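First the structure, in the form of structure tokens, and then the observations on it.
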Amino acid sequence: VAVTDRANGANLGFLDLRYASPTAFGDSGTACADALTLRHRAQFSLTDAVEQSANRGITVDLSAGQYAAFRAEADASWTLTAPVVGAAGIAGTLRKTGAGTVTYNGSVKVPFLEATEGTLVLGENAIFDDGTSLAVRSGAKLIVRRSQRLNGFALTVEPGGLVSYEVPYDAETMTAT
């Protein structure tokens with residue numbers, strides 16, 4: 001969470017926001033599409049122990065030139081199934097940072113995605129809008145798992161970036177499934 005001096009708008013630094021309960025983020029019967037809002041330079045991370053729900057979502061509220069990030073530290077790996085929606089008129093970038101792995105396996109509706117470090121996985125159940133721009137920076141890795149809903153990307157890969165596409169394979173019949 002960014003800490004800001006409200007008097008002059010100066011950024012004073014960042015504060016980690018940690019959930020103390022595995023159900024704090026998502027195990028609710030009450031729909032709340034914007035249970036969490038990320039604004040400029042906010043970095044959010046969670047563990048696999050946090051239960052997510054389609055009833056709870058994340059809103060990314062940015063303007064041009066701004067970014068928010070989902071971060072996974074080295075050796076950390078988590079999957080984001082809660083819906084991520086850009087606020088009306090979103091123009092900024094949603095980044096994957098940190099040396100660990102983040103898997104998007106839900107609905108992600110933001111126009112610009114960027115993998116700057118570690119591994120970003122677009123999971124089998126991921127849903128993206130057509131025309132989403134995705135940049136893979138030098139040293140980052142993108143893994144695309146087979147899905148009918150992953151199409152229409154404008155993909156940019158810098159030298160040193162890596163993209164791989166995983167196709168399920170049935171060894172018994174020796175065919176891709």
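The values are calculated or read from the model by the stated rules, or taken from the named source; none is laboratory data. Note that the structure is predicted; figures quoted are calculated from it, not measured. Note that each Cβ is placed from the backbone with ideal geometry, even for glycine, and that neighbours are counted across all protein chains shown. Heavy atoms of the whole protein, side chains included, go into the accessibility calculation; ligands, DNA and RNA do not. Shrake-Rupley method; radii C 1.70, N 1.55, O 1.52, S 1.80 Å.
Amide H contacts under 5 Å for Arg56: Cys32, restricted to partners 5 or more places along the chain or on a different chain, H placed in the peptide plane at 1.01 Å from N. Think of a 1.4 Å ball rolled over the protein heavy atoms: region 47-116 then has 38 Å² of accessible area per residue. Placing +1 on the Cβ of every Lys and Arg and -1 on the Cβ of every Asp and Glu, with nothing else charged, gives region 34-88 a dipole about its Cα centre of roughly 220 debye.
Surface composition of region 71-177: carbon and sulfur make up 50 percent of the accessible area, probe 1.4 Å. Taking packing as the residue-averaged number of other Cβ atoms within 10 angstrom, the listed peptides 75-81, 122-128, 101-107 run from highest to lowest as 101-107, 122-128, 75-81. For Ile127, the amide hydrogen comes within under 5 Å of the amide hydrogens of Gly106, Ser107, Val108, counting only partners 5 or more places away or on other chains and with H modelled in the peptide plane. Before I look further, what does region 117-158 give for accessible area per residue, probe 1.4 Å, in whole square angstrom? On a per-residue basis, 48 Å². Stretching the chain fully between Tyr165 and Ala74 yields a gain of 30.5 nm (0.36 nm per residue, less the alpha carbon separation).
Overall shape: rounded for region 50-160, with the ratio a/c of the largest to smallest alpha carbon gyration tensor axis below 1.5.
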